[in-house]
Amino acid sequence: MSRRLLESLIPREHPESLVAQKRPESLVAQELPAVALLATWLIFGGLHLTAWNFPFVTEAEKITWRLASLVLTGAPLAMLIGLTIALQLVTLLDRTVTGIDCSVIVARGCFVLGSCAGLCSRLALVGLMLASLRALPCSAYQTSISWTAYVPHF
């Protein structure tokens with residue numbers, strides 16, 4: 001009885017034929033939300049590139065802004081290239097190396113590296129934005145609206 005149970009649990013097909021059944025189309029459908037997120041991230045990084053020639057307090061801040069904006073824009077491009085390579089590996093190889101799918105390794109590696117680079121560049125940009133508040137122009141303090149009129153007085 002136990003032998004029949006064990007035989008029913010063991011697949012009759014070779015494991016490589018099971019991997020070959022996975023279609024790249026299903027992988028594309030699974031990664032579509034990630035691609036949409038990366039496209040949004042690319043647009044977000046492009047918006048930061050518009051401040052390329054804005055005045056900065058120091059030259060170091062200008063260079064840091066430019067570098068962080070380029071990384072923020074380039075990280076999703078690198079991740080999309082990694083996803084494309086992973087899809088090509090699935091269609092070309094249709095097999096695993098030492099039991100691990102090569103395309104998953106490439107895709108996850110690109111996502112991890114790109115996410116770390118994007119996170120660091122976003123943190124740098126937030127830091128630069130907060131640092132720029134220390135040197136506002138005089139016109140920032142001149143307003144035609146008396147805000148104290150809208151504050152309730154007791």
Fill in the blank from the handout: FRET efficiency for L47 and R134 from the Cβ-Cβ distance with R0 = 25 Å, rounded to 0.05, comes out at 0.60
Problem - Spin-label pair A34/L70, simplified geometry with 7 Å Cα→Cβ offset, distance in nm - result: 2.7 nm
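Given a Förster radius of 25 Å and the C-beta distance between Q142 and E61 as r, what FRET efficiency does 1/(1 + (r/R0)^6) yield to the nearest 0.05? If you can, show how the numbers build up before the last one.
Working: r = 24 Å, r/R0 = 0.98.
Calculated value: 0.55.
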Handout entry: Residues C116, C138, C110 arranged by fewest to most Cβ contacts within 10 Å
Key = C138, C116, C110
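Bear in mind these aren't lab numbers, they're just calculated from the coordinates by the rules spelled out. It should be emphasised that the depicted structure is a prediction, and the values quoted were computed from it without experimental measurement. All Cβ positions, glycine included, derive from the backbone under ideal geometry; neighbour counts span all protein chains shown.
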